[in-house]
Amino acid sequence: MDPEIQKMREVVLVYLDRSGGLQKFVHDCKKYNDSNQSYAVYRFIISINPSDIAELDATLGNYILHNPLQAAQIFQSVCFVAIKTLSLIEQLQTEAQISILLKPTHLPPLPSYVLSLSEYPFNYTSQRFYMSEGIVIAMGTVTKYTQGARFLCTEETCPFSEGRFRCIRVHCPGATESATVRIDFVCSLCSSPLQEDMKFRVLGDKQIVEMIDAKILNALKGYCIDTSHFRIQAFTLFLRDELANKMTIGNHYRIIGIPACVQNGLQMTACIEVNSVQLYKPNGPSFVSENFKYLLSLTSSSCWRFSAVLANIFASQVVPPGTYNTLKLAILLSLVQTCEKENADYLDLLIMTSDPLVIDRLLNYSLCLLPRGIRHPPSSEIFPCVSKDKHGTGSASIQACSAVLAKGGICYIGDLSSYKKDKLELLQSVLESRTTTVFIPGKKYGEEADQQVTVSVQTNFWSFVDVDSSSKKHIQKENFLIGQMDVSLIPVNLVDGFGLLIYNEFPSSRLSSPVVHHTLKKAINPEAMLYKVSQQFRTEDYEEFILFARNLHVELSSEAESLIQGYYLASRRVRIDSIHGSTLSASALKILISLAKAHAKLSLRQRVLEEDAVIAILLLESSLTLKHGTSALCVAPNPVFPFDLSDENSLQQRDIYLMQCHHQLLKFISAYSPGIHINTNEE
């Protein structure tokens, strides 16, 4: 025996004893022994800390990292001796029956251990451990594969024809099913054909997953600052046994695995046999730029000023400062109200506009401020769909599509009037439940029964409707209430599904001139900085600001909660239809809370104040007026920005106006919801 191999076996035993691995191994053996059943293969998972191994013996540490399949054989021989010495599994006969899966806790943080999925060449021949990361874009159903099988020689006089476990086939990373089980194996002793003993076949779970580099998100944005070119290709992951169903479609993961090359007919597919899976959650910035800090200090005298100035100067690369302020505020509120939590506060936007080109540019630009801002391409599906697995298994594979890839971000679906009725009905269902169900017909995909898979949709949706174009497609209604818009082209329940309905008519002659000048100058010189504020508050600064603000944990104050509840109850009593009852949807309360929390985040506060609730109520009331007409509260057409913000005096006038709105709101609540107690400060 090679002295170096013998030394490594001794180190393995020492490491297992010190790390607690030996105790776990004994416990796993007891489960097999208590079953009183003979297996062709006994599978053991051994957790390995490469740093601890390298301290004990550098040679073994290097062997595990760079020759994991051979290193597993060393662990296999040690485990076999331990089983026989301690009589742990009475049914075990040969060393070949032991299958060892080494799971490193981590890899050295060096470039040579990182497998980039967007760089060439893709090193899939080394068969050693690599770390990689990406986003799951497709997932297959769980199927079975052969972990191991026993074969007997068909020649009766051959010793290998006896019922002992001499000919064992065990699955290796990257190997296909035919490498473990097929009919053309021959006896190594007499060269006669081998025949599988079917009653000893050991089956395991297998799941095929498609993953892609996170850089794909930059390619799916409607507007991107980064103009560098890169090549992106999806790659295949094999999840086996305990790792099956450990991934969720649309999530970002870090994996450790062994790359391999699998042949499927005439094609070769590069894949990774996954060894461990870890959900990847990048940390947001812990600060905002100095300019934002200075602006916050300048506007600290009012709870409304900071967010107003932010909206006023936002997206100056696309539209002039001071234009589309209500829409820009709504966009910022929706951006900071994004996260990947199950019960998140969502804020969807539906914009009615007669200027779709400028609105489209504004929404495209805003997408780039989030890591997951996806512009949905019209040629693809918004929600997950099913296709046949391309690796020859014939099983179903669920494709992520735009809404799932936008997880924790924004999915911009463009002009809503361009979609057919079935797509709109599906969108309405998702907006109501935040889930979508994928139906998998069993007969088509080789399963005994049909399956239904529920996929969570955790994203905000943006869309617009061109009122000039849509008015030509249908006959407009005539009996409108005061302030009501004709949105009959879109189903009423779908309009209610969006958190905010915003009407942005083409700017008046007073505002159209700056927009036209801005558009012409940008067409001549796209890179030009037309305004000083664009240099002071760059796109990168807004990216950092939004990522910081959206990670703030905010709590609802009792005053804000009472104000929101009072308005909600009063509005339900005021907005009553003689046929359908209250026109205020049940989701309105959630939308109010979401808007108030978003405004607090945008103002860099961790407590939702009454001032935040006032902005939320005015935005929602304006949206409800567009849908159902004005109510007894009777807000102005543009209640949050009633006039231009040009200097400090205009900000002061806006504060006075919002205080008056607050006082008017309290009167409305006391008149129509008298049971709600609200503290009022008389001045």
**OP:** Enter the angle in degrees (range 0 to 90, nearest 10) between the Cα long axis of helix 356-367 and the first principal axis of the Cα atoms of the chain, meaning the one along which they spread out most.
**Re:** 50 degrees
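Take the residue pairs LYS423/LYS444; LYS246/LYS420; LYS103/LYS221 and return only those whose Cα atoms are more than 26 Å apart.
Values: LYS423/LYS444 24 Å; LYS246/LYS420 35 Å; LYS103/LYS221 37 Å.
Result: LYS246/LYS420; LYS103/LYS221 exceed 26 Å.
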Subject >> Rg to Rh quotient for region 1-105, alpha carbon positions, Kirkwood Rh >> reply: 0.96
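Round to the nearest 0.05 the FRET efficiency obtained for ARG607 and GLN535 when R0 = 35 Å and r is the Cβ-Cβ distance. Each step should come with its number before you reach the end.
On the way: r = 33 Å, r/R0 = 0.95.
It comes out at approximately 0.60.
Around LEU609, under 15 Å between beta carbons, what's the net of Lys plus Arg minus Asp minus Glu among the other residues? Don't skip to the end; give the middle numbers.
On the way: positive: ARG305, LYS597, LYS601, ARG605, ARG607; negative: GLU555, GLU559, GLU561, GLU610, GLU611, ASP612, ASP655.
Counting the neighbours of LEU609, the net charge comes to -2.
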Original post:
Summing Lys, Arg as +1 and Asp, Glu as -1, what charge do residues with Cβ under 12 Å from the Cβ of ARG150 carry, ARG150 excluded?
Top reply: +2
Original post:
Out of residues 5 or more away from TYR503 or on other chains, whose amide H comes under 5 Å of its own, with H placed 1.01 Å from N in the peptide plane?
Top reply: MET352
Original post:
With Cβ to Cβ distances under 14 Å as the rule, what net charge do the other residues near PRO108 carry (K, R +1; D, E -1)?
Top reply: -1
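Can you compute the FRET efficiency between ALA54 and PHE287 using 1/(1 + (r/R0)^6), with r the Cβ-Cβ distance and R0 = 35 Å? Round to the nearest 0.05.
Numbers: r = 37 Å, r/R0 = 1.06.
Plugging the Cβ-Cβ distance into 1/(1 + (r/R0)^6) gives 0.40.
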Subject >> Label of the coordinate-derived value, semi-axes √(5λ) of the Cα gyration tensor in Å, listed as (i) 119, 39, 27; (ii) 61, 27, 24; (iii) 129, 26, 15 >> reply: (ii)
Subject >> Solvent exposure of the chain as accessible area per residue, Å², 1.4 Å probe >> reply: 48 Å²
**OP:** Name the residues whose placed amide hydrogens come within less than 5 Å of the amide hydrogen of GLN451, ignoring near sequence neighbours (fewer than 5 apart) on the same chain.
**Re:** ILE440, GLY442
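Could you compute the FRET efficiency for SER302 and SER670, with r as their C-beta to C-beta distance and R0 at 22 Å, rounded to 0.05? Spell out each step's value before the answer.
On the way: r = 25 Å, r/R0 = 1.14.
For SER302 and SER670, the calculated efficiency is 0.30.
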Subject >> Packing-based ranking, highest mean first, of 175-186, 303-314, 660-671, 322-333 given that Cβ atoms within 10 Å are counted >> reply: 322-333, 303-314, 660-671, 175-186
**OP:** Give, rounded to the nearest 20 debye, the magnitude of the charge dipole that region 129-258 has about its Cα centre when Lys and Arg contribute +1 at Cβ and Asp and Glu contribute -1 at Cβ.
**Re:** 240 debye
Subject >> Calculated log₁₀ intensity ratio I(q)/I(0) where the Debye formula runs over C-alpha points of region 230-279, q = 0.30 Å⁻¹ >> reply: -1.22
Original post:
For the chain, which whole percent of the accessible surface, found with a 1.4 angstrom probe, sits on carbon and sulfur atoms?
Top reply: 51 percent
**OP:** Calculate how steeply helix 3-19 sits against the longest principal axis of the alpha-carbon atoms of the chain, using the helix alpha-carbon long axis, and give the answer as 0 to 90 degrees to the nearest 10.
**Re:** 50 degrees
Original post:
For the chain, what is the charge dipole size about the Cα centre, in debye to the nearest 20, if Lys and Arg each add +1 at the Cβ and Asp and Glu each add -1 at the Cβ?
Top reply: 540 debye
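Whole number please: convex hull volume per residue of the Cα set in region 282-551, in Å³? It would help to have the intermediate numbers written out before the result.
Working: hull volume 49.3 nm³, N = 270.
Hull volume over Cα atoms, normalised by residue count, gives 182 Å³.
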**OP:** Using packing as a proxy for protection, rank 435-442, 400-407, 383-390 so that the peptide with the highest average count of other Cβ atoms within 10 Å comes first.
**Re:** 400-407, 383-390, 435-442
Original post:
Roughly how tilted is helix 610-628, in degrees to the nearest 10 and between 0 and 90, from the longest Cα axis of the chain?
Top reply: 80 degrees
Subject >> Sum of -39500 (n - 2.57) over DSSP H runs of 4+, divided by residues of the chain (222 nm, nearest 500) >> reply: -11500 deg cm²/dmol
Original post:
Under a point spin-label approximation (7 Å from Cα along Cα-to-Cβ), what is the SER35-THR435 distance to one decimal in nm?
Top reply: 3.3 nm
Original post:
What ranking do 20-32, 237-249 get when scored by the average of other Cβ atoms within 10 Å per residue, highest first?
Top reply: 237-249, 20-32
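Viscosity 0.692 mPa s, temperature 37 °C: give me the Stokes-Einstein translational D for region 552-682 in µm²/s, with Rh taken as the Kirkwood radius over C-alpha pairs. Walk me through the numbers before you get to the answer.
Numbers: Rh = 15.3 Å.
This corresponds to a translational diffusion coefficient of 215 µm²/s.
The values are calculated or read from the model by the stated rules, or taken from the named source; none is laboratory data. Fair warning: this is a prediction, and the values are worked out from it, not measured in the lab. Cβ atoms come from the backbone with ideal geometry, glycine included; neighbour counts cover every protein chain shown. For the accessible areas, the whole protein counts, side chains as well, though only heavy atoms, and no ligand, DNA or RNA atoms are used. Shrake-Rupley method; radii C 1.70, N 1.55, O 1.52, S 1.80 Å.
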